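Quick notes on the structure that follows.
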Amino acid sequence: MRTMLGRTLREVSAALKQGQITPIELCQKCLSLIKKTKFLNAYITVSEEVALKQAEESEKRYKKGHSLGDLDGIPVAVKDNFSTSGIETTCASNMLKGYVPPFNATVVQKLLDQGALLMGKTNLDEFAMGCGSTDGIFGPVKNPWSFSKQYREKRKQKPHGDNEDSDWLITGGSSGGSAAAVSAFTCFAALGSDTGGSTRNPAAHCGVVGLKPSYGLVSRHGLIPLVNSMDVPGILTRCVDDAAVVLGVLAGHDCKDSTTIQDPVKPFMLPNLTDVSKLCIGIPKEYLVPELSSEVQSLWSKAASLFESVGAKVIEVSLPHTSYSIVCYHVLCTSEVASNMARFDGLEYGHRCDIDVSTEAMYAATRREGFNDVVRGRILSGNFFLLKENYENYFVKAQKVRRLIANDFVNVFNSGVDALLTPTTLSEAMPYLEFIKEDNRTRSAQGDIFTQAVNMAGLPAVSVPMALSNQGLPIGLQFIGRAFCDQQLLAIAKWFEKQVQFPVIQLQELMDDCSSIFENEKLTSVSLK
Amino acid sequence: MAAPVLCRLCPGRRWSLAYINRGSRHETGTPTGSRSSGKRGQSSGVQQPLITAEKPRKGEHEWAAVVGLEIHAQISSNSKLFSGSQVHFAAPPNSLVSFFDASLPGTLPVLNRRCVEAAVMTGLALNCRINKKSLFDRKHYFYADLPAGYQITQQRLPIAVNGSLAYSVFVGKKPSQLINKTVRIKQIQLEQDSGKSLHDDRRSQTLIDLNRAGVGLLEVVLEPDMSCGEEAATAVKELQLILQTLGTSQANMAEGQLRVDANISVHHPGEPLGVRTEVKNLNSARFLAKAIDYEIQRQINELENGGEILNETRSFDYKLGCTVPMRDKEGKQDYRFIPEPNLPPLLLYDSVSLPAGADPQQVIDIDQIRKRLPELPSVTREKLIQQYGMLPEHSLTLLNEAGLLEFFQNVMKETRAEPKKVTSWVLNTFLGFLKQQNLAVSESPVTPSALAELLNLLDRKAISSSAAKQVFEELWRSKGKTPAHIVSEKELGLLQDRETLEQLCQATMEEHPQVVMDMKKGNPRAINKLIGLVRKATLSRADPTVIKEILEKKL
């Protein structure tokens, strides 16, 4: 029998309802595991007191029989770029170190209103700019699979010269902290954000489900923006059903976010797909790129065959403008970044330098000290693209290309395709030492290659773990659905999830044996030198 | 001459070295100017070119000035343009600041319906085309009182375009004439106000008050159809009146609810427009006119002396009466505009395009707003002219003072006196008293009813007009007294007894034989002196026409 923490959200919710465990016990178990797995660096802030207080409240409700629903008493984690009232929100940046928002992001508030327990704020790339969760001021997040039995055993079989201790893997990003937190059983669901793949990419690397809802379905109020026109709060869970539960809570109009849909959202009741043969699955041929690892490619084919084998129509489709997506994204992303980051001037909140010779000098020093190279680089290029003489040639062109990319999807879906099936990432998670050989921009271009166009088009997409690679590492595939057909998309993903029976991560050593934890902590300090 | 000369018809306004010609674009204009209307009582309508005698001599240049305006009017609304913060003038610093106003990360703008309606209503009143779809943009610049580092405005597609504003300028001395003019309105856009910076140079600190940050503004862009300070000031006053009538802005310049930036250039007619300067933050109509005229003159002098005009931003130093370059606006600004991604396009509907079953709270129907438009000042003035035979300039004055029209109309309701008489009393006596004590109409101690009663007494010839003035003064001083009460208390009633009056005349003539002699010699002024003496003897209670009649009879 699986431990309580190893269960899915819906399973543990049932256990809470049946009194097999109380919210306080559950909360304490998670807190203790968070401490044990501190070396993963998944959390920036652990909100222990808040969580325990919430657990007490939840416990009272359960005792009275007034539970608020599926999320009552469920430990969750939130990426540290969502505003949390009274809890430091840093974006993993010096600029916001010590910043305590006076309000909750709408999605956070919705989770709390349902009785969820906020365990803490998870690590990320600074201001979510990256795809490794390696570029924040609190250091990189380590992929729990680096320490899994599955991966370790495969490593033993192969001769390798590297120091095993520093040979841990990245989580992907930028929501790597959230993915690691869910993967390592420290919480049952986590919020990420997804601008170019930042939820799906680490989900794939960490063997969890990563959902990017349709743009406009979930409120962005309180999410510290990267690219407003592409950002969506993402959901990371251990199974598709759990993602559907959380989405059901988060979705809907928010009067504080004018870009959310006005139509009321019906509760998400995820059906079991009975007749998959009526489905039409599209395989975009442009996603077969030379950089794609053969393992991922073969799993992708296997998945397609799976649908075919039950009578679904699987067809090759074309998204002809896909190859322009990354460069187009670069222009649009940096332009909005330049604009969004203008507010960080050290006046109202956040970091302020000591220089006070003039307002301008203070701005310059504050921003130089507050932002890392990646953020500063994007601000610089964004401002370049927005200059009067460049605006037409860069920004306007990129907007036009964005429209073409979005239209590619519209055309495919209009031709009768229900969902697209693609890889989520080029390969399984990379060792950190290998990953940091490339610069952030190159890495982002590679990391977001299959996920990024979806954000241009505002579509829903979900990464579902399919199988382990030869190295014993998770590989996820991505389903892309029609705008606002998130429910249908999840139903397909759920069917797929059931077929592939992705193995559970084996972290017994971590979870049960304190001595191994101790060893790992030592290991952390070595690698951080 | 083919090219229109742009500086025209500015009474008494002559640029040195400038040859002022009558604008060929002025089809309706009656030419005047201080020179051509030198004779009093000159019959109007005589079309005469202005200053025809003054051909430019050799070596002399003629200059034309071109003035355009950007006017920022604070929208009269309970809350800000994109946040729920209250809007109050003179609230304690930073007491009206929402998280959005302070640009806390993650906050998003939510458009205020009231501000949109105000923009549509203003657009309709200014004959604009209302765009059914308009867009918001970010305009970037770093400034301490702009927390987000950008202002949300409507650069690409504003809510209203292509309108016009009609106004009238006085020309010549009395009796003055009114020239109707029109300035085109390029666009009206919705945008955020900034906060306020207070520089404390002594402690080298800057204090920031964000109460104003995010308040809704209407930016009204007037095309460069004006040519001098007075035209600009008059156009602004007319716009101010329209905004106040609509209730879309309180438009009080002193409180900063109406701020004007002027773009000014000079050139030789027929040649391309000159380099323009921008004079910023003009917050009274008088300073606006002064600043523009100063700047025009400065540019002409500069060019005449072989200098050049820089495309720069200047401010008006009202103490020195001149414009000076603004230091912190030096260098070219690139605002790096970008579409505001957090606000969907603003869609407006009319009765035709309104989607069936649309929630009225979610949509704005232009036609509904059109129906709610109040009577505009120009229409009101026309009515006054038609109804009461009022002079146009009187109708202007009546509307330019808040509450004065209502006061006038209330007096009219209760009096039998001639409209002309009422107008004269309201505009000269009443308004004069108000101005003297710097009071608003609403603060007047004299009610419309009291003035009406007073004018009725005058109309019945129960009191003389000079006694009426005394009664008015008394009314002003002692609140609550009625005119009739004052008349009887001070014995100001007109002497109706002819016999007594005749005796007084007789006595006065006997006391002043020299004046009587003068009168008999035919000195026309002598009788007036005698009338004055008799009136004095009656304590101003006699009708001078009756005195005159008696005196003439007695001679």
Of (1) within 22 Å of A:Pro225 (Cα to Cα); (2) within 14 Å of another protein chain (Cβ to nearest Cβ); (3) surrounded by 15 or more Cβ atoms within 10 Å (Cβ to Cβ), A:Leu387 fails just (3)
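Scan region B:207-220 and tell me whether some residue there is within 17 Å of the chain's Cα centre (by Cα), within 29 Å of B:Arg138 (Cβ to Cβ) and not in a strand (DSSP E or B).
So in region B:207-220, the residues within 17 Å of the chain's Cα centre (by Cα) come out as B:220.
Retained after the next criterion (residues that are within 29 Å of B:Arg138 (Cβ to Cβ)): B:220.
Okay, now just the ones that are also not in a strand (DSSP E or B), so none.
The answer is no; no qualifying residue exists.
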For region B:68-82 the number of residues that are surrounded by fewer than 23 Cβ atoms within 10 Å (Cβ to Cβ) and within 14 Å of chain A (Cβ to nearest Cβ) is 1
Considering (1) surrounded by 20 or more Cβ atoms within 10 Å (Cβ to Cβ); (2) more than 11 Å from every other protein chain (Cβ to nearest Cβ), say which one A:Leu380 fails and leave the rest. (1)
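Confirm whether A:Thr274 is more than 14 Å from chain B (Cβ to nearest Cβ) and either part of a loop (DSSP other than H, G, I, E, B) or on the phi > 0 side of the Ramachandran plot (or both). Walk me through how you get there before you give the answer.
Working: more than 14 Å from chain B (Cβ to nearest Cβ): yes; either part of a loop (DSSP other than H, G, I, E, B) or on the phi > 0 side of the Ramachandran plot (or both): yes.
Against the criterion (more than 14 Å from chain B (Cβ to nearest Cβ) and either part of a loop (DSSP other than H, G, I, E, B) or on the phi > 0 side of the Ramachandran plot (or both)), A:Thr274 qualifies.
Enumerate the strands (runs of 3 or more DSSP E) found wholly within region B:113-194, keeping only those where 3 or more residues are under 29 Å from the mean Cα position of the chain (by Cα).
On the way: elements: B:137-140, B:150-153, B:160-171, B:177-192.
By residue number, B:160-171, B:177-192.
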Take region A:63-89 and flag every residue that is surrounded by fewer than 16 Cβ atoms within 10 Å (Cβ to Cβ) and at positive phi. A:Gly65, A:Gly69, A:Gly86
Residues that are in contact (Cβ under 8 Å) with a residue 24 or more places away in the chain and buried (at least 18 other Cβ atoms within 10 Å of the Cβ), drawn from region B:94-106: B:Leu96, B:Val97, B:Ser98, B:Phe100, B:Asp101, B:Ala102, B:Ser103
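Here's the yes/no breakdown for (1) outside any helix (DSSP H, G or I); (2) over 25 Å from the mean Cα position of the chain (by Cα):
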{"position": "A:Met4", "(1), (2)": "yes, no"}
{"position": "A:Glu11", "(1), (2)": "no, no"}
{"position": "A:Gln20", "(1), (2)": "yes, yes"}
{"position": "A:Ile24", "(1), (2)": "no, yes"}
{"position": "A:Ser32", "(1), (2)": "no, no"}
{"position": "A:Phe39", "(1), (2)": "no, no"}
{"position": "A:Lys53", "(1), (2)": "no, yes"}
{"position": "A:Ser58", "(1), (2)": "no, yes"}
Filtered residues of region A:207-224 (kept if more than 9 Å from chain B (Cβ to nearest Cβ), of a type in the set (A, V, I, L, M, F, W, C) and crowded, with 24+ Cβ neighbours inside 10 Å): A:Val208, A:Val209, A:Leu211, A:Val218
Which numbered condition B:Ser204 fails, given (1) under 26 Å from A:Phe385 (Cβ atoms); (2) surrounded by fewer than 23 Cβ atoms within 10 Å (Cβ to Cβ): (1)
Test: residue in region B:129-139 that is under 25 Å from B:Glu278 (Cα atoms) and either of a type in the set (Lys, Arg) or out of contact with any Pro (no Cβ under 9 Å at 6 or more places or on another chain) (or both): yes
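Name the residues in region A:181-206 that are in a loop (DSSP other than H, G, I, E, B) and either over 12 Å from the mean Cα position of the chain (by Cα) or within 14 Å of chain B (Cβ to nearest Cβ) (or both), would you? Give the steps one after another, and end with the answer.
Step one: of region A:181-206, the residues in a loop (DSSP other than H, G, I, E, B) are A:184-188, A:195-199.
Result: A:Ala184, A:Phe185, A:Thr186, A:Cys187, A:Phe188, A:Thr195.
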Quick one: B:Ala356 ticks every box in (1) away from chain A (no Cβ under 12 Å); (2) within 36 Å of the chain's Cα centre (by Cα); (3) surrounded by fewer than 18 Cβ atoms within 10 Å (Cβ to Cβ) except a single one, so which number is it? (2)
Which ranges mark the strands (runs of 3 or more DSSP E) fully within region B:271-332 that have 2 or more residues being within 22 Å of the chain's Cα centre (by Cα) and either free of Cβ contacts under 8 Å to residues at least 12 places away in the same chain or surrounded by 14 or more Cβ atoms within 10 Å (Cβ to Cβ) (or both)? B:277-282, B:313-317
Please count how many residues of region B:337-367 are closer than 25 Å to A:Gly458 by Cβ and of a type outside the set (Phe, Trp, Tyr). 16
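Restricting the search to region A:71-106, which residues are among the β-branched types (Val, Ile, Thr), outside any loop (DSSP other than H, G, I, E, B) and facing chain B (nearest Cβ under 10 Å)? I'd like the intermediate steps shown before the answer.
In the first step, residues of region A:71-106 are kept if they are among the β-branched types (Val, Ile, Thr); the result is A:74, A:76, A:78, A:84, A:87, A:89-90, A:100, A:106.
The next check asks that each one be outside any loop (DSSP other than H, G, I, E, B); those that pass are A:76, A:78, A:84, A:87, A:106.
If the condition is that a residue be among the β-branched types (Val, Ile, Thr), outside any loop (DSSP other than H, G, I, E, B) and facing chain B (nearest Cβ under 10 Å), then A:Thr106 is the only one that fits.
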Taking B:Ser134 as meeting all but one of (1) crowded, with 20+ Cβ neighbours inside 10 Å; (2) within 13 Å of another protein chain (Cβ to nearest Cβ), write down the number of the exception. (2)
Reported set for region B:481-511 where residues are assigned to a helix (DSSP H, G or I), touching a residue at least 12 places away in the same chain (Cβ under 8 Å) and within 25 Å of B:Pro445 (Cα to Cα) is B:Pro483, B:Ala484, B:Ile486, B:Val487
Residues (under 15 Å from the mean Cα position of the chain (by Cα), within 17 Å of A:Thr84 (Cα to Cα) and not in a strand (DSSP E or B)) located in region A:221-241: A:Ile224, A:Pro225
The helices (runs of 4 or more DSSP H) lying wholly within region B:401-448 that contain at least 1 residues that are among the small types (Gly, Ala, Ser) are B:419-424, B:431-436
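Hey, can you tell me all the residues within region A:346-369 that are in a helix (DSSP H, G or I), more than 8 Å from every other protein chain (Cβ to nearest Cβ) and loosely packed, with under 15 Cβ neighbours inside 10 Å? If you could, list the steps in order and put the result at the bottom.
Within region A:346-369, the first condition is being in a helix (DSSP H, G or I), and the residues that meet it are A:359-369.
Checking the rest, the ones that are also more than 8 Å from every other protein chain (Cβ to nearest Cβ) come to A:361-362, A:364-369.
Answer for region A:346-369, where residues must be in a helix (DSSP H, G or I), more than 8 Å from every other protein chain (Cβ to nearest Cβ) and loosely packed, with under 15 Cβ neighbours inside 10 Å: A:Ala361, A:Arg368.
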Could you tell me which residue of region A:107-139 is farthest from the chain's Cα centre (by Cα), considering only residues that are in a helix (DSSP H, G or I) and either within 25 Å of A:His253 (Cα to Cα) or more than 14 Å from every other protein chain (Cβ to nearest Cβ) (or both)? A:Asp113
Take the residues in region A:318-345 that are in contact with an Asp or Glu (Cβ under 9 Å, 6 or more places away or on another chain) and over 20 Å from B:Asn342 (Cβ atoms); name whichever of them is nearest to the other protein chains (Cβ to nearest Cβ). A:Ser325
What are the residues in region B:424-455 that are touching a Phe, Trp or Tyr at 6+ places or on another chain (Cβ under 7 Å) and of a type in the set (Val, Ile, Thr), if any? B:Val426, B:Thr429, B:Val441, B:Val446
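Since every read-out is calculated from the coordinates, none of them should be taken as a lab result. Just so it is clear, the model here is predicted, and its values are computed rather than measured. Using ideal geometry, Cβ is built from the backbone for each residue, glycine included, and neighbour counts are taken over all protein chains shown.
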